[in-house]
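I have placed the structure first, in the form of structure tokens, so that the comments after it can refer back to it.
Values quoted throughout were computed directly from the atomic coordinates according to the rules given, and no laboratory measurement underlies them. Every value quoted in this text rests on a predicted model; they were computed, and no experiment measured them. Please note: Cβ atoms are built from the backbone with ideal geometry, for glycine as well, and neighbour counts cover all protein chains shown.
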Ligand SMILES: [Zn+2]
């Protein structure tokens, strides 16, 4: 992975409000620092520019890897996964109880690919929601 300049890292952190841009997990509550995700991986031609970077928790980044597409579990169609720079979280997902519900084919594929509703993640999210530490971004 190419070096990401400090100023660009800072911009990505600040823009995300310190929360994972996929699952909304606040970095302040994580055991390990969130990572800078190349939304389109470098091996697919993605560049290290602010419009291709997102803040990601370790788990989301691990499950996403270099993927840019997956299958919608409802239709089985191949679809692009959620793109945090081109799409707004609130237009594609909602919090339902402690689960993340995908509202669009790409969001549903993202929920599954990133395992956003793995039982351990649901348990953690329930605690964070109860503590008022998960908030859906306005933009
Ligand atoms: Zn995450």
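Here are the numbers for the structure shown:
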{"item": "Mean separation of Cα contacts under 8 Å, 6 or more apart, over the residue count of the range 6-130: relative contact order %", "result": "20 percent"}
{"item": "Cα-based Kirkwood hydrodynamic radius, the range 75-131, one decimal, Å", "result": "11.8 Å"}
{"item": "Difference of contour (0.36 nm per residue) and Cα-Cα distance, residue 67 to residue 9", "result": "18.7 nm"}
{"item": "Semi-axis lengths, Å, the range 39-117, gyration tensor of Cα atoms, sqrt of 5 times eigenvalues", "result": "20, 14, 12"}
{"item": "Estimated distance in nm for a label pair at residue 42 and residue 88, the labels positioned 7 Å out from Cα along Cα-to-Cβ", "result": "3.3 nm"}
{"item": "Separation of alpha-carbon centers, the range 74-131 and the range 5-34, rounded to whole Å", "result": "18 Å"}
{"item": "Unit Cα scatterers, Debye sum, the chain: log10 I(q)/I(0) for q = 0.14, 0.16 Å⁻¹", "result": "-0.60, -0.80"}
{"item": "Using a Förster distance of 25 Å, the FRET efficiency for residue 31-residue 95 (Cβ separation, nearest 0.05)", "result": "0.65"}
{"item": "R0 of 25 Å, Cβ-Cβ distance residue 75-residue 120: FRET efficiency to nearest 0.05", "result": "0.35"}
